[in-house]
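All remarks here apply to the structure that follows.
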Amino acid sequence: MANTGNTLSAWQSWIGTIQIITAAICWGTLGIFSTYLNQAGFSGWQTTILRVVTAALIILVMLPKLWPNLRKLRAKQWLGLAIQSLIGVLGMSLCYFFAVIYVGAGPAVALLYTAPVFSLLFSALLLNESITRKSGLLALVAVFGVGLTMLGDEAQINWGIVLGLLAGICYSLYGVLGKRAMHDAHPAPLVFFTSIVISASVLLLLPDTYRTYYKLFSLPLQTWTFAIGLSLIGTVVPFALYMKALEKLPATRASVFTIFEPLTAIALAILLFNQSLGWIQYVGVLLILLAALFNALLNGTTTRVPRWLQRRQKV
């Protein structure tokens, strides 16, 4: 029975890893969609509005199913979910887009991906997850790799550095606070739903939101597809996958695999915008891949699954 439990745990861990990597790849498309929206005349603030509010409109289809759970939430539980939403979704988006304005997209992404380091600290403080030497080293290697991939961009030391680091903190807290919410018996779909809808509700109180959508409606249909892609592919799908994966993985491990987001962003930039990388940046990409690979191998997620499948086929 113990072996069966270990095998099931390994299989669940492997599934969670795939969900995290898929989510990270989807998040990696944000830069492409936001670039197209910027070319259409939308600012970083307006892009944030389109991302969050449109995503909330999409996931309203979940409301009938989640309504019984939402009615049972107490005021203290609503407060916890609101903090997770405002910090992890709205806070991260705002800090990141304003960091892009001050220091540029490359350095802003590098600063955002200090999140694995912050995740180690917050997981220890809020979730009582131990910080192993291995997990700490892999997180630092991954962050260092991201830094190398961004060396081709120029950055000035100003408030953009602070905002970029705050984006990394908010990004890590989304996963950690989401995991804590699920420890309080909240199902992953409910945590995901509230994380988007609460932030969107705050944005709907601002006049800028309505001016942004009025502008969107006056533009060609192609611009609408960029806004929907930003919200569906870049927000709804990855956030849903990420919350489901946190049911199977520690938040510290999950944060390491999200490093596939900048890899995707770089690959898409090369393919769609003909941007090239220097050799030092390719070294950074290699470090990111190695960190993710060793994280999987050392936790047994890539070696146990084939044996599990083989035994399942023999039964």
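Just so it is clear, none of the values below were taken in a lab; they were calculated from the coordinates. None of the values given here were measured: they were computed from a predicted structure. Every residue, glycine among them, receives a Cβ derived from its backbone with ideal geometry; neighbour counts consider all protein chains shown.
Give me the number: length gained by fully extending E247 to L290, i.e. 0.36 nm times residue separation minus the C-alpha to C-alpha distance, one decimal in nm.
Result: 13.0 nm gained on full extension.
So between K72 and L126, what do we pick up on full extension, going 0.36 nm a residue minus the alpha carbon distance?
In short, 17.0 nm is gained.
Sort the following peptides by mean Cβ neighbour count (other Cβ atoms within 10 Å, averaged over residues), highest first: 52-62, 231-241.
Packing order, densest peptide first, comes out as 231-241, 52-62.
Cross-link candidates for K134: which lysines have Cα within less than 29 Å, leaving aside residues fewer than 8 places away along the same chain?
K179, K244, K248
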